[in-house]
Amino acid sequence: MTQRSVLPAEPHAPAEGSALVHELFTLRPDPLPKMARPRWLTRLPHVVVVYLAVFFTFLTNQQLFDHYHVRGGPPLVMALMTGLSIALALTRPIAAWWLGLITTGVIAYAIHDHVGHGQTWPLMPGALLTFVPLVLLVALRVPARVTGAVVGITMACTGLAELLFKPLHSSTSFFASSLVFAVTGLLGYALRAVRLARGQLVVQETLTEEERARRTLLEERSRIARELHDVVAHHMSVISIQAQVAPHLVENPSEELKENLAGIRANALEALTELRRVLGVLRSEQPDDPAGPHHPQPTLAELEGLVDNVRGAGLEVTTEVAGIRRPLTPGVELTAYRIVQEALSNCLRHAPGSRVEVGIAYGPRELHLCVANSAPTRPAPPSPGAGHGLLGMRERAGMLGGELAAGPRPDGGYEVSAVLPMDPPGGSPSETKKDI
């Protein structure tokens, strides 16, 4: 058992090592991440890096001429290579670091015989500072192991050069450069970690918002299913009772009629049992839900009581009914009531002190609803809700094949309007009862 657990780990180490080597010798583009806005602020790091490239070009050339007395064309070429390595770090940080390392080696070779008493070698003071932006720009964009390898290789090259080829009377730069490289690498790693954490936080917030919307939608569908369960269960119970009573309303009913009615009652009871078994479990998840099995589902006949409650909460509400009032299918009645209820609740939460108008119009084939409020007269308090009430209203309207629209009004208020078909697709329970 011990040998089997160890064996899979053996090929893993070479894989990581080969990946590290590949990342250390890659030439792929890796531009600076855009972390800030507005646009001019996103260009600021590029401007700074270009300025540093020009600055270190002149600084390297000046130190080669004045401090180490290297004359001719090579100092200018080495200075340009130094500036190019920094500018290249904008798009290819690893390649820029290698170029900077090679350029430093060439400079160390060129100044070896010109080092005076107390002067640093192999790194000139300017070369030491040149590696700060190089290492920082590498650490900002590569994993921590690659940053560690870059810092380690740079420190190792500096130490080996001093150990093997250090000129007499020169001053060591190993300890100062090691400290600078290590601090710069840690700073770049920390900044990269913060950037990645912020990016993950944004992604997580987006996923959380999507999950909240999805959960709200599922909860609303569950609530609709519980309410429709009550409506359908009521009608199935009525069918069962009517089928049981019907033989007693006919004088000398035939055996065929009794058999058919008994079959209708048995099928109704079986359907009712299955309905309660499948949809009844939704109610057990929230036993204290207001839409409990012992609470009748509301209809538009109870609208005045709902409006009175809202008035008591401090809103001025007016209602207007157009057309001829007539009974609707239970699903339409329940959906219409819930839409008006949710719209009035939104007015209470988001538009305190406003005037609310509730309009209901009975058309030949459709029921029109409109709940509109004026601009609020005082600031709305923070709402603890999930903020997806409109999602539930649209879900209810769409379930019946209707439509719902919501949006701000020119006067600063808000309006919710819905159109519900009188006869939803699939037929109504009342029609089914008549057919039976």
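Points worth noting:
- Probe 1.4 Å, accessible area per residue of the stretch 336-408, Å²: 48 Å²
- Length added when fully stretched, residue 254-residue 25, from 0.36 nm per residue minus Cα-Cα: 72.9 nm
- Taking all Cα pairs closer than 8 Å and separated by 6 or more residues, the relative contact order of the stretch 99-181 comes to 43 percent.
- One equal scatterer on each Cα of the stretch 135-222, no solvent, Debye formula: the resulting log10 I(q)/I(0) at q = 0.13 Å⁻¹ is -0.60.
- Taking amide hydrogens as placed 1.01 Å from N in the peptide plane, the amide H of residue 355 sits under 5 Å from those of 374, each at least 5 positions away in sequence or on another chain.
- Ranked from largest, the principal axis spans of the Cα set of the stretch 110-155 equal 40, 17, 16 Å.
- Applying the Karplus relation 6.51 cos²θ - 1.76 cosθ + 1.60 with θ = phi - 60° to the stretch 140-149 yields 3J(HN,Hα) values of 6, 10, 10, x, 4, 5, 6, 4, x, 5 Hz, where x marks Gly and Pro.
- Normalised by the number of residues in the stretch 81-139, the mean separation of alpha-carbon contacts (under 8 Å, six or more apart) gives a relative contact order of 43 percent.
- Interchain or long-range residues, amide H under 5 Å from residue 70's placed H: 65
- Residues with amide H under 5 Å from that of residue 367, placed H, sequence gap 5 or more: 420, 422
- For residue 169, neighbours were defined as the other residues whose beta-carbon sits under 14 Å from its Cβ, and their charges (Lys and Arg +1, Asp and Glu -1) total -1.
The values are calculated or read from the model by the stated rules, or taken from the named source; none is laboratory data. Worth saying up front: this structure is predicted, and the values here are computed from it rather than measured. Quick reminder, even Gly has a Cβ in these numbers, built from the backbone with ideal geometry, and neighbours come from all protein chains shown. The protein model used for the area step is the full one, side chains on, heavy atoms only, and it has no ligands, DNA or RNA in it. Shrake-Rupley method; radii C 1.70, N 1.55, O 1.52, S 1.80 Å.
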